[in-house]
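The values are calculated or read from the model by the stated rules, or taken from the named source; none is laboratory data. Only a predicted model underlies this, so the values are computations on that prediction, with no experimental measurement involved. When we count neighbours, we look across all protein chains shown, and the Cβ atoms used for this are built from the backbone with ideal geometry, even at glycine. Calculation scope for accessible area: heavy atoms of the full protein, side chains included, ligands and nucleic acids excluded. Shrake-Rupley method; radii C 1.70, N 1.55, O 1.52, S 1.80 Å.
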Amino acid sequence: MASALFSNPLDLLAMNEPFFTKADFGTDFKWGVATAAYQIEGAWNVDGKGPSVWDHMTHKRPGKIKNKHNGDVACDFYNRYHDDLPLIKEMNFQVFRFSIAWTRIFPTGTGTPNQKGVDFYHRVIDRCLELGIEPWITIYHWDLPQALEDKGGWASRDIVKWFSKFTEFITKEYGSKVKNWMVLNEPMAFTAVGYFAGVHAPGYIAPQKFLRAVHYTTMVQAEGGRIIRKNVPDAYIGTTLSCSPVKPKGKGHEKAAHRSDILLNRLYIEPLLGMGYPTEGFKFLEGIKRYIEPGDMKKVTFDFDFIGLQNYTQTVVKKFILPYVWLLEEKAKNRGISPDKITEMGWEVYPEGIYQIIKQFAAYKNLPPIIITENGAAFKDRVENGRVHDKQRVEFYQQYLENVLKAKKEGVDIRGYFAWSFMDNFEWAEGYGPRFGIVHVDYKTQKRTIKDSGLWFKEFLAQ
Ligand code: FCB
């Protein structure tokens with residue numbers, strides 16, 4: 001691929017241009033950038049917005065977040081969306097994936113909608129449409145209203161009712177303009193990391209709450225799909241799942257790998273597909289049966305139009321004395337992985353992993369088509385003379401895309417790929433340290449700079 005942008009031929013050589021083109025993915029393939037409300041919007045208490053679990057945790061227990069960072073201002077997208085969205089167009093992406101902050105719409109989770117919050121997302125959607133960008137909405141990307149957490153949150157069966165009301169409202173409100181919807185972002189992450197590991201909001205280490213949360217979340221996952229279908233009959237409907245190929249550290253660690261695979265990859269997809277919970281060989285998880293009521297296992301199924309897979313790395317595990325799960329992840333740095341193959345999150349760059357996990361999911365008999373709704377990497381970035389030469393990220397995208405294409409060529413029905421993330425943002429418990437954007441954000445000035453990775457996509461997608 002010729003490159004005018006990398007006008008210095010050495011740039012090009014250094015870039016290791018890939019052996020594929022946009023056309024290889026097909027003309028209907030969707031190319032997008034992904035974000036989440038809490039990570040970019042800021043304006044945490046503006047225009048009637050109520051506090052979410054993330055506002056609560058970052059304010060009341062700041063020590064839980066690296067450098068005591070919070071999302072109060074973030075990328076100030078709430079005030080800057082008008083000028084930010086054209087950057088997506090400039091990089092030649094056609095999809096903007098974003099989430100709706102529940103507490104902008106219902107400040108205490110239920111009750112009367114807050115018109116100013118409702119209007120904000122109309123403005124974002126309208127701006128997308130005006131630019132020719134497709135808005136893809138994630139209904140829930142981790143920012144539960146704190147008022148609902150106070151009533152039990154995801155560990156309360158009432159979440160199905162609360163979530164349904166929210167979904168009813170937003171699908172009716174935006175459904176005439178928005179035709180692409182995702183119910184949840186990574187349920188495994190917010191239930192396990194939020195209710196079991198205590199690292200994300202609401203920050204509990206409560207195994208029984210976790211089990212309840214898993215069951216109610218699978219119910220919400222399917223019920224959300226049904227509500228969208230009812231209110232937006234011509235919608236394209238999906239939900240997203242975190243996933244990662246799991247390997248045992250070596251001989252003797254296979255059972256730990258099996259349990260880890262259940263947790264990381266199987267727990268949310270199998271009930272959805274009507275296969276029940278994958279509890280075999282996992283005593284603790286069998287406890288979930290306590291929370292299942294008659295008829296529930298039918299209610300947790302839904303025929304989605306697509307499944308969003310989100311992959312960043314592979315996971316190597318060993319058996320360990322950690323109660324309930326009896327396993328521990330063996331971090332990349334302890335596995336002799338060279339430092340240039342480890343991201344700022346401590347995750348190994350492992351491009352074959354995305355191919356492996358796509359194939360693992362594709363092996364389910366009745367899996368809907370796949371969209372990669374997140375993939376990306378955090379590296380140390382520096383702005384130098386108005387440019388960010390994020391060569392490692394360019395290579396990351398090229399290598400992961402090559403593996404997505406490999407699976408597609410082998411016949412897996414993959415219909416799109418979204419980069420995480422549109423811009424650098426608040427990376428949850430890690431604060432603003434890890435930068436995942438293909439657009440750099442200077443948090444002091446809020447200046448945006450398209451990184452070389454964004455420029456690479458611009459060229460690649462221009463074909
Ligand atoms: C995913 C989340 C997303 C972002 C990336 C790095 O698990 O969905 O919000 O934090 O990881």
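Quick notes on this structure:
- Test item: Cα-centred dipole of region 357-433, Lys/Arg +1 and Asp/Glu -1 on Cβ, debye: 380 debye
- Gain upon complete extension [LYS151, ASP24; 0.36 nm per residue less C-alpha separation]: 40.7 nm
- With θ taken as phi - 60° and the Karplus curve 6.51 cos²θ - 1.76 cosθ + 1.60 applied, the whole-hertz 3J(HN,Hα) list for region 220-231 is 5, 3, 6, 4, x, x, 5, 5, 4, 4, 5, 8 Hz, x standing for glycine and proline.
- On full extension, the segment bounded by ASP72 and LEU461 gains 136.7 nm, given 0.36 nm per residue less the C-alpha separation.
- Span per principal axis, largest first, for the Cα atoms of the chain (Å): 65, 58, 44
- Evaluated at q = 0.14, 0.16, 0.28 Å⁻¹: base-10 log I(q)/I(0), Debye formula over Cα of region 112-171: -0.51, -0.64, -1.25
- In sequence order, region 331-346 has phi-based couplings of 5, 4, 5, 8, 10, x, 6, 5, x, 6, 10, 10, 7, 4, 8, x Hz under the Karplus curve 6.51 cos²θ - 1.76 cosθ + 1.60, θ = phi - 60°, and Gly or Pro positions carry x.
- Heavy-atom accessible area with a 1.4 Å probe sorts SER242, SER99, largest first, into SER242, SER99.
- The modelled label-to-label distance between ASP413 and GLU280, using points 7 Å beyond Cα along the C-beta direction, is 2.6 nm.
- If both residues of a DSSP beta bridge must be in the chain, then about 25% of such bridges are antiparallel.
- Per-residue HN-Hα couplings for region 347-359 [Karplus 6.51, -1.76, 1.60; θ = phi - 60°; Hz; x = Gly/Pro]: 8, 6, 6, 9, x, 4, x, 5, 5, 4, 6, 4, 5
- For region 23-166, the dipole from Cβ point charges (+1 on Lys and Arg, -1 on Asp and Glu) about the Cα centre works out to 640 debye, to the nearest 20.
- Cut-off under 5 Å, modelled amide H: who pairs with GLY376 long-range: TRP420
- Separation of region 81-138 from region 384-463 is 20 Å, based on Cα centroids.
- Helix-only CD estimate at 222 nm, as mean residue ellipticity for the chain, using -39500 (n - 2.57) per DSSP H run (n ≥ 4): -10000 deg cm²/dmol
- 10 Å Cβ shell holding at most 16 others, DSSP loop, GluC sites (Glu not before Pro): longest site-free stretch of the chain: 1-279
- Solvent-accessible area, 1.4 Å probe, carbon plus sulfur percent, for region 201-355: 58 percent
- Average accessible area per residue (Å²) across the chain - probe 1.4 Å, nucleic acids and ligands excluded: 38 Å²
- Test item: Cα-centred dipole of the chain, Lys/Arg +1 and Asp/Glu -1 on Cβ, debye: 1200 debye
- Rg over Rh for region 312-408 works out to 1.05, using Cα positions for both radii and the Kirkwood form for Rh.
- Solvent exposure of LYS333, expressed as accessible area, is near 150 Å², computed with a probe of 1.4 Å over the protein chains only.
- Label-point separation, VAL199 to LYS341 (7 Å along Cα→Cβ), nm: 2.2 nm
- Fully extended contour minus Cα-Cα distance, from ARG382 to TRP326, at 0.36 nm per residue: 16.1 nm
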